[in-house]
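The values are calculated or read from the model by the stated rules, or taken from the named source; none is laboratory data. Everything numeric here is computed off the predicted structure, so don't read it as measured data. Note that each Cβ is placed from the backbone with ideal geometry, even for glycine, and that neighbours are counted across all protein chains shown.
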Amino acid sequence: MDQQPTAEKKNRSSTGLLLLVVLLLISNVVMLWMLMQRGEEVEQTQQQVATLTTQKEDVTLMLENMLSSYDTLKTENDQLTSEMELQKQQIEELMTKVKRGGYDLAKAKKEAETLRSIMKNYVHQIDSLNQANQALTAQNVGLTQELGVVTGQKDALTTEKEALQGRIAKGAVLHTTAILAGGLFMRSNGKQVDTDRAKKAEMVKCCFTLGVNNVTDPGDKTLYMRVISPDGKVLLAGDGNNRFSFNGVEGEYSAKREVNYQNQAVDVCIFWTGGEELRTGQYIVEVYESGALVSTVKFDLK
């Protein structure tokens, strides 16, 4: 009579022990799974941090190399020197943002590539200027040896150059009080519509206001527009005749327009209609008159 209750107690004890073991196994499996998940999350986070660190170092190295390259660019052209100093400031500002952290690295890389394209353009300009100077020097030497009468011509050229520099120093160069640029496409009804989409853009428009300038001579002014694409190339004029002189060298322009300027403020728009397919990225628009930079502006196409 006493053996049956004892057996039932043993059975219940064994069942309870088995349940406890099962619960312990399940809890261990759950803990192991949670640890594995946490480990994967930590590894992914470390990979992301490593990738961002590498991107940050790559962009920083690119900017540092550009600054070093600018230090090797030498020219006696004051306009080019001033423009290159401004570009160096932009590089240094971007480098500070990248090193400080919190700045979009993809955007920083895009801006760095645009700055590098601009630097390549300056390298080309300085090389062209140096070649032109070398050619003029050789020509002057040859004329001196053959004719011996170049002194008067040299004095006349020097006087003309000094007079031109004097007028520039007094503010004869035109300037803008406002400038905007962007892409356009033409609807079937002939209406022009602004767009920031590269696939839609068929033209580039640049509108600005020439400010009051009582120093420069009034009359017809030829304004040249250069549109520099994200890869550093100039969008060429549709008619193929696209050469002009600026900053002491000869280069390419995208469009030009004649404006009658009477020393008073006047609104002007210039259109590039070259028909070339536009790509995404940042574009730089420069406006020149009498070989000098009047103004510059940037815009993006997605």
Which numbered condition in (1) surrounded by 10 or more Cβ atoms within 10 Å (Cβ to Cβ); (2) in the same structural domain as N130 (by TED's automatic domain parsing); (3) assigned to a helix (DSSP H, G or I); (4) modelled with pLDDT of 75 or more is the only one that M34 fails? (2)
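Could you list, in sequence order, all residues of segment 278-290 that are assigned to a loop (DSSP other than H, G, I, E, B) and within 18 Å of V268 (Cβ to Cβ)?
S290
Can you tell me which residues in segment 111-137 are over 23 Å from L61 (Cα atoms) and surrounded by fewer than 17 Cβ atoms within 10 Å (Cβ to Cβ)?
D127, S128, N130, Q131, A132, N133, Q134, A135, L136, T137
Kindly indicate which of E57, E83 is in a helix (DSSP H, G or I), at pLDDT 75 or above and farther than 30 Å from S295 by Cβ. Steps first, please.
Numbers: E83 fails: farther than 30 Å from S295 by Cβ.
After applying the criteria, what remains is E57.
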